[in-house]
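The values are calculated or read from the model by the stated rules, or taken from the named source; none is laboratory data. All values reported here derive from a predicted model rather than from experimental measurement. FYI the Cβ positions are ideal-geometry reconstructions off the backbone, even for glycines, and counts take in every protein chain you see. Note: accessible area is taken over every heavy atom of the protein model, side chains too, but ligands, DNA and RNA are not part of it. Shrake-Rupley method; radii C 1.70, N 1.55, O 1.52, S 1.80 Å.
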Amino acid sequence: MAQASTALERRYGDTQRTDRWWLEPLLVGSGLLIFVVYSTVSGVLGEYWAFETEHGLYLSPFFEPLIHPEFLPDWFSPAILILWAPIGFRTTCYYYRRAYYRAYFLSPPACAVREPAGSYSGEGVFPFVLQNAHRWFMYVALLFIPILWNGAIRSFWLDGEGIGIGLGSVLLTVNAALLTMYTIGCHSLRHWVAGGLNQFSRTPLRRLRRRLWEIFTIANEHHRLWAWTSLIIVGVTDLYVHLVASEVVTDPNTWSGPI
Amino acid sequence: MPTAHLRVWRGTDDGEYVEYEVEYDEGMVVLDVVHRLQATQTPDLAVRWNCKAGKCGSCSAEINGKPRLQCMQRMELYPEGETITLAPLKTFPIIRDLVTNVAWNYDQARAMPELRLRPADADGNRRMAQIDIDRGQEFHKCIECYICQDVCHVIRDHPENMAGFAGPRFFVQLASIAMHPLDTNTRRATVDHGFGLDYCNITKCCTDVCPEGIHITDNAIIPLKERRVDEFHDPLRIIARKLTGRG
């Protein structure tokens, strides 16, 4: 029969949830941390980012396109000239915002779990107001898609040997494909093609834009999937190029003989 | 007959959880068990309900800490012997037991901008193409259960923000108005004034709990934020406005 119990939760972390609500922010926070540490070490401090040709048969996607003017000092990694764009695109991405607000800012750590902050101002104040720059980074990300596909296609060609295929070619192609899916699933791009319209039926061009919106919506519905798979594959591809270029592993490919 | 172990909030803000054991039948939902508890042990237990079909939005409560409709949670979801904790929506003032005062939401509804329809055609009719209204159909599924409002941390953990924040349910309504093919109300007013869109940090709890499966964040809140980006932050539009002298 009746027994007295505790009052409604009022402190950080208080919740009546009985599931493992802490697991998702823990996994997401750990995954993002691992990637940030790896990409910093690999892109900024690492060596062996290209393999085989002048511009690399396999060029790590962290360095694509290769910008390496001679006036820069040796310690300056060309990746620094590239990585600001994907970092900015992902940092302001609506999916990643959900992920790191929950995992790192605990705002909230999970639904219906009390957050620690005593006050909350949202995205209307500095520095979070900078999230509005996502549209800018989206335009830059659109430029990177053909650049990454160019790198992928280039990896199927070896000077003096001609067309072939190696494991690195496959990884670079999958990387370009997943980054394409991540980009066309972007909320900002989806809005940009037709989301701001209210009357799609008025002209044929508007109907075409509506069709594009529908296609991008299919990718957008799985934005989290594309965000994670494209993040993982770009790290794996970079690691693979490092390992091949530093001769730790040998790339299985058709140029060296039958695979 | 299986027995449910219930832990139910009794009283107002300074109330307490009280534990009960209630026998229930196969196929029952949580609301059925609450009604049996009310009928057999606690006739003074306050619980708001109406349709028992997940369409009126009256029986919203927090079940094991998650905002839910009591009438849509089958007892099979909870292993027999597990204690089921039932609490009122914690964002709103408690009237008594499982009933809260959700009048703040009615204030937000009154503050919504009105739909200003364009003039009718010559025959007196206003016509909309199906392709133009498909997108808004999703928003009309809202049953106003206010579960999304309850789970939103902007006001749940920071009630001081209630003064300048409409909440996810009303962002859905704003999106419905903003995207209406016949509306002539100014878009800038819709997205920019006083509704607290900036408070939303896209953590998607509203979407996670919506019993109607409305993609509140992806299809209402983010598009509203993006409309504001169109107005104020899009570099290409800014350049175009400078060149054309518009806006």
Identify the residue in the range B:7-49 that is in contact (Cβ under 8 Å) with a residue 60 or more places away in the chain and in a strand (DSSP E or B) and, among all such residues, is nearest to B:Arg96 (Cα to Cα). B:Arg10
Does A:Val236 qualify as being under 28 Å from B:Ile202 (Cβ atoms), within 12 Å of chain B (Cβ to nearest Cβ), assigned to a helix (DSSP H, G or I) and modelled with pLDDT of 95 or more? no
Farther than 18 Å from B:Glu21 by Cα, within 26 Å of the chain's Cα centre (by Cα) and open to solvent by 50 Å² or more (accessible area, probe 1.4 Å): which single residue out of B:Pro88, B:Pro93, B:Pro113, B:Pro67 fits that description? B:Pro93
Would you say A:Ser107 is under 30 Å from B:Ile63 (Cβ atoms), open to solvent by less than 60 Å² (accessible area, probe 1.4 Å) and polar (S, T, N, Q)? yes
Mind checking which residues of the range B:113-144 are more than 24 Å from A:Ala194 (Cβ to Cβ) and modelled with pLDDT under 90? B:Glu114
Considering every residue within the range A:211-224, establish whether at least one is surrounded by fewer than 21 Cβ atoms within 10 Å (Cβ to Cβ), more than 14 Å from chain B (Cβ to nearest Cβ) and among the aliphatic types (A, V, I, L, M). yes
What is the residue count in the range B:8-43 for residues that are within 11 Å of chain A (Cβ to nearest Cβ) and open to solvent by less than 30 Å² (accessible area, probe 1.4 Å)? 8
Which residue out of B:Ala87, B:Ala111, B:Ala129 is touching a residue at least 12 places away in the same chain (Cβ under 8 Å), more than 14 Å from chain A (Cβ to nearest Cβ) and among the small types (Gly, Ala, Ser)? B:Ala111
Please work out which one of (1) more than 8 Å from chain B (Cβ to nearest Cβ); (2) under 23 Å from the mean Cα position of the chain (by Cα); (3) touching a residue at least 24 places away in the same chain (Cβ under 8 Å) is the condition A:Arg135 fails and give its number. (1)
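Yes/no matrix, rows are residues, columns are (1) of a type in the set (D, E, K, R); (2) touching a residue at least 24 places away in the same chain (Cβ under 8 Å):
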| residue | (1), (2) |
| --- | --- |
| A:Tyr120 | no, no |
| A:Gly124 | no, no |
| A:Pro127 | no, no |
| A:Val140 | no, yes |
| A:Pro146 | no, no |
| A:Trp149 | no, yes |
| A:Ala152 | no, yes |
| A:Phe156 | no, no |
| A:Glu161 | yes, yes |
